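Comments concern the structure below.
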Amino acid sequence: MAPAAGTGLEALGLRHPHEVLLHLPLRYEDESTLHALGEVVDGQTVQVPLRVLRSEVVFRPRRMWRLEAEDPEGQHMAQIRFFYFSEAQRKTLPVGAEFRALGEARRGPGGVQFVHPKIRLGWVQAEALEDKPLLPVYPTKQGVAQSLIRRRVAHALDTALPGEWLPSSALGGLPSLPQALRLLHQPPRGADLQPAWARLRLDELIAQQIALRLARQRRDQRRAHPLVQPELADRLMAGLPFDLTPAQQRVWAEVRQDLMAARPAHRLIQGDVGSGKTVIAALAVAQALGSGTQAAVMAPTEILARQLADRLSAWLAPLGVNIALLTGRLTGKARQPLLEALADGSLQAVVGTHALIQPEVKFHRLGLALVDEQHRFGVTQRIALREEERGRVPHLLGMSATPIPRTLAMTFLADLDVSSIDERPPGRTPIRTRLMSSSRRPELLERLRHFLDHGDGRAYWVCPLIEEQPDAEREVRALEETEAWLRPALGEQLAVIHGRLSAEAKAQAMEDFAAGRARVLLATTVIEVGVDVPQASLMIVDHAERFGLAQLHQLRGRVGRGTAESQCVLVYDEPLSATARERLRALYESDDGFVLAQKDLEIRGPGEILGLRQSGEAGLRFADLLRDHDLLAQAVDWGRNIAEAASVDGGILSDASLERLGIRAADVQCLLARWTQRAEDLLTSA
């Protein structure tokens, strides 16, 4: 569709007719109804007849034009304020002038107030307004007038309205696409707009499915090393001191089948804290190494990378496998031999941080790239481990201890295969969760001292901040303050770790805690994931209301990894907001990560959970996964059908490929334009 050149809407990012058509109103103004000033409800958008009593420019606290007015009966007063005005505008409303004000009404001590309402000169009878259509109000920015947007939308509706692109069997009684667009832009009074909105939401969900599935098709056309030699993985399995759970066995079978294929795997392994994902990673590494290729494992923090390297080494070293560690701390002469060994293939496996994706890191024959806590890395960072080498790309596995709700997996992760370890290994002790007001902090310290005096267990104490924030809404006991408070009572039993410490200092603190030289680890969320000290059986989270639900569940999962009874104490400040109370109640009532993930989706929404708001990655514009769950299954089915019927031609669906479904590519472009660009981005990085 040709660009809508010279429309004047470029400032809003509207360069094509289909973009103008999808620029939908925020609300509608009804000029067909007159409201009595005395019956106006606070916050209501109304049109009221008024007469000017006083007009003046004042400078309190800034320059503004203030009108005092009364209703036709002279019984009720209104005040109108304009911060942006001209002398010509003022002259249209002298004292005694009759006019109609249209805007949002606010009730205050002096009566009804309006700020920058629309002004219509003169009074008319209510009957004369009955035929006026609803006036759409569009999202805009300074310099782009509503009148301009309305003209361009009307032109696009007359000249560029797409035809229907979905078969009638897909609509389920919803209006056609052209009907829905026209109704949303030009609704008659009293029209039910929900079916039109539902139609656009369905289209967007289908478009998203097509984009992700096209990306998957393109990825499946690439070649990977088939990892078909199971001997080393079988030896590792036989030597484990425990049996895999049925869920682990199922997931390993899915992963192994992926790795044996000539097309690159792209699978997410998700499981609750302590479900046993790391052993699946070790088996995958063994399968890659046993098949003559290399394996790289990337973790978000050095602490987690070091623990992963230690765990993998404990399992694989007896089989003759050397696991190297590559982090930013390894530099100079110590780093160069490792890089050379990766490049010539003499080093088979490496665990590291972001250091693994630096330009100087080259692999001889990388067969497997595994990303732990994969949601903490951007798409570009994950893809960097899949650089093509002699026509082959490595298999890519991601792991996450933050389960993704099914609705998100069906949409934003539709280009991934997802395996879930949905049961815990036997012997994991349940964790008792308690809530405690911060006013009882001295009592908590006494309980901590009793805990240390009657056993050899370890405890975490987690704070949300490193140092006091001067502009905090209320006093926060930050990490340094907490250390000053705990140190006299705990002495050398207290170790401290946070993100501002050097790598050496963090490693030393973790080593002291793991070895028992320190019994309490005071930390920030640097220990949120991956940290595994089986002797730790007490988790204290200070200012728990400041953490997200997923964070709190991850922190709780740092204990309960040994045989001792474990506790998690959530210390909160009062008063609690409704959202914070809901989070803490959910955590108190459930320790199932999949249940809590669904609750987190309900509280925060998909953008926060997947990091879309921070990353700038395209999210859903019209649809909402919670509200529109009934449309999702239908969208998944049609997205699959269309993607399977389509051929990839530069990332665009061709007429020929869609013809047998009765779909014209030209009609698809209206709503698919945004998501076909998303497909292009995914295809480029697939």
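The values are calculated or read from the model by the stated rules, or taken from the named source; none is laboratory data. Keep in mind that what you see is a predicted model, and the values were worked out from it rather than measured. No Cβ is skipped: glycine too gets one built from the backbone with ideal geometry, and neighbour counts run over all protein chains shown. Heads up: the accessible areas ignore ligands, DNA and RNA and are worked out on the full protein's heavy atoms, side chains in. Shrake-Rupley method; radii C 1.70, N 1.55, O 1.52, S 1.80 Å.
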Checklist line | Accessible surface, the range 45-89, averaged per residue in Å² (probe 1.4 Å) | finding: 55
Next item on the list: Figure the gain on full extension for Ala489 and Glu582 (residue separation times 0.36 nm, minus the Cα-Cα span) and round it to one decimal in nm.
Entry: 30.1 nm
Checklist line | Protection proxy ranking of 347-354, 449-456 - average other beta-carbon atoms within 10 Å, highest first | finding: 347-354, 449-456
Check: Efficiency by 1/(1 + (r/R0)^6): what FRET value for Arg51 and Leu135, r their Cβ-Cβ distance, R0 = 25 Å, to the nearest 0.05?
Finding: 0.55
Checklist line | Equivalent ellipsoid dimensions for the range 203-301 as semi-axes, Å, which come from the Cα gyration tensor, largest first | finding: 28, 18, 12
Check: Residues with amide H under 5 Å of Val297's amide H, sequence separation 5 or more or different chain, H placed in the peptide plane at 1.01 Å from N; which?
Finding: Val350, Val351, Gly352, Leu370
Next item on the list: Starting from the Cα of Lys118, draw a straight line to each of the lysines and keep only those under 24 Å, dropping any in the same chain fewer than 8 residues away.
Entry: Lys91, Lys132, Lys141
Item checked: Extension gain, Gln194 back to Arg500 (0.36 nm per residue minus Cα-Cα distance, nm) -> 105.1 nm
Item checked: Inter-site label distance for Thr563 and Leu319 at 7 Å from Cα along Cβ, in nm -> 2.8
Check: With each label point set 7 Å from Cα along the Cα-Cβ vector, what nm distance links His364 and Ala633?
Finding: 5.2
Item checked: Cα centroid separation - the range 151-167 against the range 227-268, whole Å -> 52
Check: Under a no-solvent Debye model with one identical scatterer per Cα of the range 73-120, what's log10 I(q)/I(0) at q = 0.33 Å⁻¹?
Finding: -1.37
Note to self: Ranking request for peptides 497-504, 237-244: highest mean number of other beta-carbon atoms within 10 Å first, then the rest in descending order.
What the structure shows: 497-504, 237-244
Notebook entry, point to check: Label Ala334 and Val115 with points 7 Å out from Cα along Cα→Cβ: what is the distance between them in nm?
Noted result: 5.9
Next item on the list: Show me 257-267, 542-552 ranked by packing, highest mean number of other Cβ atoms within 10 Å first.
Entry: 542-552, 257-267
Note to self: Can you compute the radius of gyration and Dmax for the range 61-151, using only the Cα atoms, both in Å?
What the structure shows: 14.8, 42
Check: Using a probe of 1.4 angstrom, how much of the accessible area of the range 156-255 is carbon and sulfur, in percent?
Finding: 50
Notebook entry, point to check: By a straight-distance test (C-alpha under 30 Å), which lysines pair with Lys506 as possible cross-link partners, with residues fewer than eight away in the same chain excluded?
Noted result: Lys277, Lys333, Lys362
Note to self: Place a point 7 Å from the Cα of Ala238 along the Cα-to-Cβ direction; which residues of the range 317-337 have their backbone N under 17 Å from it?
What the structure shows: 317-321
Check: How much length is gained if the chain between Asp624 and Arg434 is pulled fully straight, taking 0.36 nm per residue apart and subtracting their Cα-Cα distance, in nm to one decimal?
Finding: 65.0 nm
